[in-house]
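The block underneath contains the structure these notes are about, expressed in structure tokens.
Just so you know, all these numbers are worked out from the coordinates, no wet-lab data involved. Bear in mind the structure is a predicted one, so any value in this text is a computation, not a measurement. Quick reminder, even Gly has a Cβ in these numbers, built from the backbone with ideal geometry, and neighbours come from all protein chains shown.
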Amino acid sequence: MALLSANTLFHFTKKEFLLNIIEKGFFPRYNREFEPTVDPDFFEDIKDIYIPMVSFCDIPLSSVENHLKIYHHYGIGLSTNWGQKKGLNPVTYIHSNASNINTYRKNINDLVLLYSSLIAEEFMMNKGHKPSVRNLIDKIKKVNHISYEKAKLTYALLSFLKPYKSKGIYRNQGKGYKYYNEKEWRYVPPLTDIILSEFLILFQELNDTSKEEFNKRLESKSISFKASDVKYLIVDDKKEIDWLIKGLQALNNKFPKKFTSYDVQYLTTTIVTCKQISEDF
């Protein structure tokens, strides 16, 4: 019987990032979710929802070919056991007519109103200065501790929420792209007051500078893995196998204790190409 889910969690990326992931692990970044032009009808009163995350999927290699076309032809597959130990979890898929969607909407709208009122108050009291990332949550706690706890709960729920399918065009796939088929898992870093502040600010205040500043701060929330956790290293075609092996050997030369000769030998055996996946799985 064909597998519905793999016992491997795959992360696909661009070529220039693959060796960096092997060396340093995964760094969460703020990703845009429920984009109004692609996924409308969910949360009408906010411009954006940005969640700090690293995305994976557990699609079996026998079914991953279309996923490779949509995303990238380079990747790494790690054991599901590793993922669970690191706190990864499958997302929950939802559509705009789900019976519980209004609960999500009310919580989001309450947070937007709370944030907007704090911004207005800060403008009036401090001559146009917005609250800093560090003092925003302190202000929420002073206003109402219940609002603070509600903000944490809403963040926790939204962190693993995904539309069932798109309404607009997603990555040139046309309308009605079914996210559900991606079988996504996520790593979302443990919640801190700083992350919660950034989450609220990004509702309405996104610009490239603030986003990159926030992403930089997430570098301390990276997740690591050992060579023995790796099940697959994926490259586009066989011409790039030599490039990857040389990159692994360079890591051994640079960090001989972290990347032993045995680790390099083992990782070399895990390399597969997209063509092999297409033809042999």
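Among 93, 164, which comes first, second and so on when ranked by fewest other beta-carbon atoms within 10 Å?
164, 93
Could you tell me the calculated FRET efficiency between residue 5 and residue 191, based on Cβ-Cβ distance and R0 = 30 angstrom, to the nearest 0.05?
The formula returns an efficiency of 0.65 here.
Past the 27 Å Cα-Cα mark, which pairs from 86/175; 24/86; 24/183; 24/152; 216/238; 86/238?
Result: 86/175; 24/152; 216/238; 86/238 exceed 27 Å.
Under 18 Å Cα-Cα from residue 221, which aspartates and glutamates qualify once same-chain neighbours fewer than 8 residues away are excluded?
Hits, sequence-local ones excluded: 23, 193, 198, 212, 213.
Taking the Cβ-Cβ separation of residue 262 and residue 23 as r and a Förster radius of 22 Å, what is the calculated FRET efficiency to the nearest 0.05?
So the FRET efficiency works out to roughly 0.80.
Viscosity 1.567 mPa s, temperature 4 °C: what is the translational diffusion coefficient of segment 197-281 from Stokes-Einstein with a Kirkwood Rh over Cα pairs, rounded to a whole number of µm²/s?
Numbers: Rh = 15.9 Å.
After rounding, the answer is 82 µm²/s.
Compute the FRET efficiency between residue 41 and residue 226 as 1/(1 + (r/R0)^6), taking r as their Cβ-Cβ distance and R0 = 41 Å, and round to the nearest 0.05.
Details: r = 43 Å, r/R0 = 1.06.
Calculated transfer efficiency: 0.40.
Which is farthest toward the positive dipole end of segment 8-280 among 52, 27, 252, measuring Cα position about the Cα centre, with Cβ charges +1 (Lys, Arg) and -1 (Asp, Glu)?
252
As a check on your grasp of the helix formula, calculate [θ] at 222 nm for the chain: sum -39500 (n - 2.57) over DSSP H runs of n ≥ 4, divide by the residue count, round to the nearest 500.
About -13000 deg cm²/dmol.
Could you tell me, in Å, what Rg and Dmax come out for the Cα atoms of the chain?
Cα-based Rg and Dmax for the chain come out at 21.0, 67 Å.
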